[in-house]
1. Within the set of pairs 6+ apart or on separate chains, which have a first residue in the range 212-227 that is under 21 Å from residue 240 (Cα atoms) and open to solvent by 60 Å² or more (accessible area, probe 1.4 Å), a second that is part of a loop (DSSP other than H, G, I, E, B) and modelled with pLDDT under 85, and C-beta atoms under 7 Å apart?
2. Filter the range 129-139 for residues that are surrounded by fewer than 20 Cβ atoms within 10 Å (Cβ to Cβ) and either aromatic (Phe, Trp, Tyr) or touching a residue at least 40 places away in the same chain (Cβ under 8 Å) (or both) and give the result.
3. Which of the residues belonging to the range 244-263 are at pLDDT 95 or above and acidic (Asp, Glu)?
4. With the requirement that a residue be β-branched (Val, Ile, Thr) and open to solvent by 10 Å² or more (accessible area, probe 1.4 Å), what does the range 243-264 give you?
5. Output yes when any residue across the range 289-297 is closer than 24 Å to residue 258 by Cα and surrounded by 14 or more Cβ atoms within 10 Å (Cβ to Cβ), and no when none is.
6. Within the range 174-195, identify whether any single residue is over 17 Å from the mean Cα position of the chain (by Cα), modelled with pLDDT of 80 or more, surrounded by 11 or more Cβ atoms within 10 Å (Cβ to Cβ) and of a type in the set (S, T, N, Q), and answer yes or no.
7. Taking the stated definitions as given, is residue 108 within 23 Å of residue 256 (Cα to Cα), within 12 Å of the chain's Cα centre (by Cα) and of a type outside the set (Ser, Thr, Tyr)?
8. Mind counting the residues in the range 196-231 that are over 27 Å from residue 127 (Cβ atoms) and of a type in the set (Phe, Trp, Tyr)?
Amino acid sequence: MTIAELHRQPLEALPRDVFSLPAESFVDAWAKALDLTEGELSQDDRSSLANAIREGTNRLRVVDALKARRPVPVALGNRSALQALQREPDQFAILENFTRFAPDDDAAFLRYSFSRICGREPDSAERLGLEFDLRRGVATRAKVVKKIVAIARRNGQAAFWDTLLPRDEDDLPESIDPSDARIMPAGLLVDMEGLATAVFVREVERVGWMIGADFLCQPLRVTDKGWNVQPGWLLVGPKRSFAEGIWLLDLDLVQPANARLDVEIVANSGLDFLQQLTIAGPFSGALCVNIRPEHRFIELRIRIHERAPEDAWLRPRNISLRQSS
């Protein structure tokens, strides 16, 4: 076998006749096959390896010693060590891949989804609002992923969502009224049981806010987080009479954890207090209000406490008064 033929053979599967060569020839053949120069394998080294074969050293060990003499390629030798790996944000968000991430940690799920879809961390308002909805169970992770995709597209990124499940198993059915605009603000909706609902403020997805007439006491400045607010009265109204009985004030508010606001329901121009409390951080729930025949000109008041500039925002998603009995 010629040296050229030997060079073309896999080093792990050389024919037996190569291993039957005399010691010096065996070392020379492998040196040429491995392209070892005189500087990499001197004549003294060749003699030492040949003597080792004659003294009974396994020829495979001699081959390993020759392979160790091969120099590291310059391109590899000068290559810097890898410090970090970073993926580009996903253009397609498969719901199942995101919803199954960190099943017991909604904060980690949100950070992962934002980093993969939007290429950034969620800001404080996004994290508070979405984590608040997940914790209360009013939004599924699939819906949250869709919202994050919508945020990415609103920021000018190419983002789409898809699912591996059939359409009927994809998510909960959409609301009958996707605009959430059942009635005009501060108007009354009376259901089939004769119970009324008055909407004071309601956020309409992808549209904005519905606000009752003459409710706002501060100029409305809308930001990505919600409303930019300042200390003092924010909402006051509607100063109208409601039927006597038990009413429920439904509140769905998102604000920083350290932010506080006062909620008051008064009657007779503030002479009678029907409900009064201070809310700290995000809140969603209902407050019971007992309206009696002598209570006229019912008024809802919301007052903002002093807060840091970075916390000067509020996202009111629903403020409404509904009749319970």
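The values are calculated or read from the model by the stated rules, or taken from the named source; none is laboratory data. Please read all numbers here as calculations on a predicted model, not as lab measurements. Please note: Cβ atoms are built from the backbone with ideal geometry, for glycine as well, and neighbour counts cover all protein chains shown. When the accessible area is computed, the model is the full protein with side chains, heavy atoms only, and any ligands, DNA or RNA have been set aside. Shrake-Rupley method; radii C 1.70, N 1.55, O 1.52, S 1.80 Å.
1. Between residues of the range 212-227 that are under 21 Å from residue 240 (Cα atoms) and open to solvent by 60 Å² or more (accessible area, probe 1.4 Å) and residues that are part of a loop (DSSP other than H, G, I, E, B) and modelled with pLDDT under 85, the close pairs are 213/186.
2. 136, 138, listed by residue number.
3. Matches in the range 244-263: 262 only.
4. Once the filter is applied, which keeps residues that are β-branched (Val, Ile, Thr) and open to solvent by 10 Å² or more (accessible area, probe 1.4 Å), the range 243-264 yields only 246.
5. So far as the range 289-297 goes, no, none of its residues is closer than 24 Å to residue 258 by Cα and surrounded by 14 or more Cβ atoms within 10 Å (Cβ to Cβ).
6. no
7. Answer is yes for this residue.
8. 1
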